[in-house]
Amino acid sequence: MDRRKLHFVIAVSIATSLALSSTALQADVLAHWAFDELNGSTAFDSVGGYHGTLQGNAAFVPAGVAGGAISLDRGTNDLVNMGDVLALWQGGDFSIAAWVSTTSPDPETFVVAKHQSLEGAGYILGINTSGGYLGGPGKAWFYNNFDSAISTTTVTDGLWHHLVGVHHADGPKEIHVDGAPAEDSTPSDAVRPNTAPLLIGGLSYGGVPTGCYTGLIDDVQVYDHALTPDEVQFLFDNPGNPIPSVPWVSPARVENSGPWRLAVLGGTFEPQSGATLTLTPSAGGSQIVGTDVSLDDGRLTATFDLTDAPVGDYDLVVTNPDTSSATAPRALSVMEAQPPLITRMNPALGGNTGTVTVAITGEHLNPFAEVKLSRSGWQDILAQTISGFGDGTELTVRFDLQGAAPGEWDVVATNPNEDSGGATDTFTVERGGGPQMSVQITGPQTVRLGRSAAYQVAVGNFGLRDAEVAFLQLRLPAGWRLERVMDDVGSEVALAEAELTPDAAPLLIALPGCHTAEQRSITVLVTPGAPGGPSGGGNGSPRFVISGPVIVGILSAVTLAECIDLILDVIESVCGNPYPGFIPDVEQGVYNHFGEWFDEPVHKALVLFLTGLFQGLYDGGIITQEMLNLLNNFLDILDNLFGLVDELEGAAEDRAVRSLEPRLVTSWDPNYKAGPAGFGEDHYVPRDQPLGYIVHFENDPE
């Protein structure tokens with residue numbers, strides 16, 4: 001049978017506060033407009049000297065997200081004009097970041113643009129719709145060459161939102177809103193050169209800079225590389241600050257309530273395997289040596305026991321085995337510990353039929369805190385801590401409520417320094433209950449023949465118990481091609497060639513650990529084709545259907561062969577190939593042991609066999625302890641999955657289904673025109689302003 005028929009998406013988290021990207025941080029900022037001027041008509045660039053001139057009634061105001069901001073009104077043709085600078089078309093990566101606050105629903109709303117309205121050249125960071133085919137109402141988007149990445153977050157609610165457009169010359173372009181990860185990505189085309197001015201809050205129509213934004217803009221930055229998720233998150237967490245060129249620590253402020261897992265980010269220093277990390281009080285004192293040091297793609301993480309450590313600033317020193325070192329002065333601030341405070345539980349109730357994963361919000365919550373449910377006359381229910389947020393405001397924990405007494409329970413958190421706190425009658429245990437899955441699909445309603453489009457599938461569980469596994473079933477219209485599938489941690493799901501063809505059977509993606517009150521997402525990139533083939537033919541609108549997550553009625557139909565394919569995928573993703581032929585050897589070993597069940601439903605005995613197999617690989621020095629732990633975690637999930645078969649048998653109707661029917665556009669409408677939006681309700685255009693129009697056409701590909 002064809003391997004990779006069943007795809008298993010695993011997101012592994014550890015008890016740290018960070019979600020880290022896979023590349024080292026950089027800090028090559030090309031321009032930075034902070035808009036902190038008190039008055040005048042010049043917006044100063046603090047980095048590259050690309051100063052801008054205010055136009056119309058544009059004004060500096062003190063109400064920025066960090067210091068001042070620029071206030072613009074399209075009704076008076078306001079904008080900031082930097083001139084013909086920062087073309088960014090020489091074939092490299094680049095990124096643009098800006099804070100915005102607007103309630104404007106106006107189409108053609110542009111935050112940062114170097115673009116001429118009659119050309120496809122340049123780039124735009126925009127909001128709302130443009131040209132009838134870019135963006136969406138209330139959404140942010142990043143554009144070049146007639147294509148854009150579009151956010152899922154609405155940014156026209158009047159609040160401050162951080163927008164980042166990232167251009168990979170040999171990869172996707174991305175749009176980020178309020179930190180990482182990216183909300184959308186589409187293939188990048190080369191940025192074509194133009195001579196249009198770089199404008200903040202405007203666009204060049206017929207060679208005339210025109211104001212196209214109403215609201216506030218602050219902290220605009222341009223970088224000469226594709227920002228990593230860590231860098232995007234840094235800009236969101238630190239408004240007004242460019243990415244530093246020296247290493248920094250995350251989190252940068254902690255309490256002396258116990259151990260903390262810290263990450264060293266940024267800078268040009270290249271850490272080596274075996275590096276040591278130490279924290280020393282900036283004012284002098286004893287060192288604190290990091291333990292459990294790990295190096296992942298140039299990034300160091302370590303645990304520091306800060307229980308009762310002196311309050312104050314600490315310098316970080318990283319020393320490589322070759323004695324090279326780097327110092328980050330005052331990289332960490334240690335504050336006096338306070339008792340934990342719990343303000344919110346999400347969800348605040350669960351069924352007594354299994355596990356429930358809960359997000360706890362509060363203050364002074366150490367990531368290594370012990371959390372329990374307590375009730376007079378009943379045994380405490382101790383939670384498993386999954387992760388903690390670096391600033392001590394969040395914990396994610398899991399309670400096993402199997403057989404727990406229904407009613408109100410107190411929640412108590414105890415930090416490693418034995419400080420305790422909590423909330424009374426905060427969590428409710430209900431009798432019975434199970435998972436309640438939901439699925440939503442977002443993406444373009446209109447797609448172009450032969451041009452790729454991205455769809456996001458959001459999976460949620462709003463029931464009373466965690467779902468050990470959920471399945472997404474994806475079906476494409478005839479003639480469409482599946483390009484790739486990205487999971488919710490940004491990793492690409494491997495697809496067999498047969499699954500990319502239009503006639504392939506529905507793709508089945510397994511999502512383990514769909515926790516209560518949690519939403520996960522899958523990004524699907526497809527290329528639309530006509531039902532009769534790439535050049536047209538067939539009747540009716542193509543239909544793109546994603547149904548799921550199906551948590552019932554499918555498990556008993558998974559054969560041993562399909563399960564082994566799944567297991568081999570997981571082993572390969574965790575271990576790689578320690579030696580040539582490793583995966584075929586494992587596959588043959590499994591089939592030799594369980595060949596008699598080849599076409600029968602999966603059997604729980606497989607878990608026992610794999611447990612011994614993985615232990616043997618570790619004892620033989622073929623895999624590491626970390627790999628063994630990950631594989632054993634996978635087996636725990638698999639074991640729980642098998643236990644659901646009897647319970648879920650016959651309940652196939654209990655599923656969530658959603659579908660989209662995007663309209664296929666085979667060519668541009670030559671009657672479509674785009675030009676200046678004009679001013680005011682009547683959309684007046686100045687008498688001396690040229691009226692530029694765009695007429696779309698497309699050559700026959702043959």
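Details
- For region 394-403, the criterion of being in contact with a Lys or Arg (Cβ under 9 Å, 6 or more places away or on another chain) and aromatic (Phe, Trp, Tyr) is satisfied by at least one residue.
- Here PHE60 meets each of (1) touching a Ser or Thr at 6+ places or on another chain (Cβ under 6 Å); (2) part of a strand (DSSP E or B); (3) free of Cβ contacts under 8 Å to residues at least 60 places away in the same chain with one exception, condition (1).
- Being in a loop (DSSP other than H, G, I, E, B), closer than 25 Å to LYS173 by Cα and not aliphatic (A, V, I, L, M) is a condition met by at least one residue of region 245-260.
- Conditions (1) within 23 Å of the chain's Cα centre (by Cα); (2) within 30 Å of ALA69 (Cβ to Cβ); (3) open to solvent by less than 10 Å² (accessible area, probe 1.4 Å); number of the one not met by ALA263: (2)
- In region 420-453, residue modelled with the highest pLDDT [restricted to those that are more than 25 Å from the chain's Cα centre (by Cα), over 30 Å from HIS364 (Cα atoms) and open to solvent by 30 Å² or more (accessible area, probe 1.4 Å)]: ARG431
- Selection within region 395-419 - more than 33 Å from the chain's Cα centre (by Cα) and closer than 22 Å to TRP260 by Cβ: ASN417, GLU418, ASP419
This table checks each residue for (1) among the small types (Gly, Ala, Ser); (2) open to solvent by less than 50 Å² (accessible area, probe 1.4 Å); (3) over 20 Å from LEU159 (Cα atoms).
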position	(1), (2), (3)
ALA43	yes, yes, yes
GLY49	yes, yes, yes
GLY52	yes, yes, yes
GLY56	yes, no, yes
ILE70	no, yes, no
THR76	no, no, yes
VAL80	no, yes, yes
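- Identity of the residue in region 197-216, assigned to a loop (DSSP other than H, G, I, E, B) and modelled with pLDDT of 90 or more, that ends up surrounded by the fewest Cβ atoms within 10 Å (Cβ to Cβ): THR214
- Cβ-Cβ distances below 7 Å connect the following pairs, each with a first residue in region 239-259 that is buried (at least 22 other Cβ atoms within 10 Å of the Cβ), a second residue that is part of a loop (DSSP other than H, G, I, E, B) and among the acidic types (Asp, Glu), and a separation of six or more residues or different chains: GLU255/GLU336; SER257/ASP419.
- Looking across region 299-316 at every residue that is open to solvent by less than 40 Å² (accessible area, probe 1.4 Å) and touching a residue at least 40 places away in the same chain (Cβ under 8 Å), the one that is farthest from the chain's Cα centre (by Cα) is identified as ALA309.
- Flag if THR307 is out of contact with any helix residue (DSSP H, G or I) (no Cβ under 7 Å at 6 or more places or on another chain) and in a strand (DSSP E or B): no
- Identity of the residue in region 217-238, open to solvent by less than 40 Å² (accessible area, probe 1.4 Å), part of a helix (DSSP H, G or I) and not aliphatic (A, V, I, L, M), that ends up farthest from THR109 (Cα to Cα): ASP230
- Qualifying residue in region 135-148 (condition: part of a loop (DSSP other than H, G, I, E, B) and of a type in the set (A, V, I, L, M, F, W, C)): yes
- Check on GLN456, part of a loop (DSSP other than H, G, I, E, B) and either over 19 Å from ALA359 (Cα atoms) or over 27 Å from the mean Cα position of the chain (by Cα) (or both): no
- Yes/no for GLN272 being open to solvent by 50 Å² or more (accessible area, probe 1.4 Å) and touching a residue at least 24 places away in the same chain (Cβ under 8 Å): yes
- Once region 131-150 is narrowed to residues that are of a type outside the set (A, V, I, L, M, F, W, C) and surrounded by fewer than 22 Cβ atoms within 10 Å (Cβ to Cβ), the residue that is modelled with the lowest pLDDT is GLY132.
- The set of residues from region 82-94 being surrounded by fewer than 21 Cβ atoms within 10 Å (Cβ to Cβ) and part of a strand (DSSP E or B) is empty.
- When residues of region 1-41 are limited to those that are at pLDDT 50 or above and open to solvent by 60 Å² or more (accessible area, probe 1.4 Å), the one farthest from ALA69 (Cα to Cα): ASP28
- Meets criteria (polar (S, T, N, Q) and loosely packed, with under 15 Cβ neighbours inside 10 Å) for SER333: no
- Restricting region 151-173 to residues that are in a strand (DSSP E or B) and without any contact (Cβ under 8 Å) to a residue 40 or more places away in the chain leaves a set whose member that is most open to solvent (accessible area, probe 1.4 Å) is THR154.
- Residue satisfying condition, being part of a helix (DSSP H, G or I), modelled with pLDDT under 75, open to solvent by 50 Å² or more (accessible area, probe 1.4 Å) and among the charged types (D, E, K, R), within set GLU562, GLU596: GLU596
The values are calculated or read from the model by the stated rules, or taken from the named source; none is laboratory data. Worth saying up front: this structure is predicted, and the values here are computed from it rather than measured. Cβ atoms come from the backbone with ideal geometry, glycine included; neighbour counts cover every protein chain shown. The accessibility values were calculated without ligands, DNA or RNA, using every heavy atom of the protein model including side chains. Shrake-Rupley method; radii C 1.70, N 1.55, O 1.52, S 1.80 Å.
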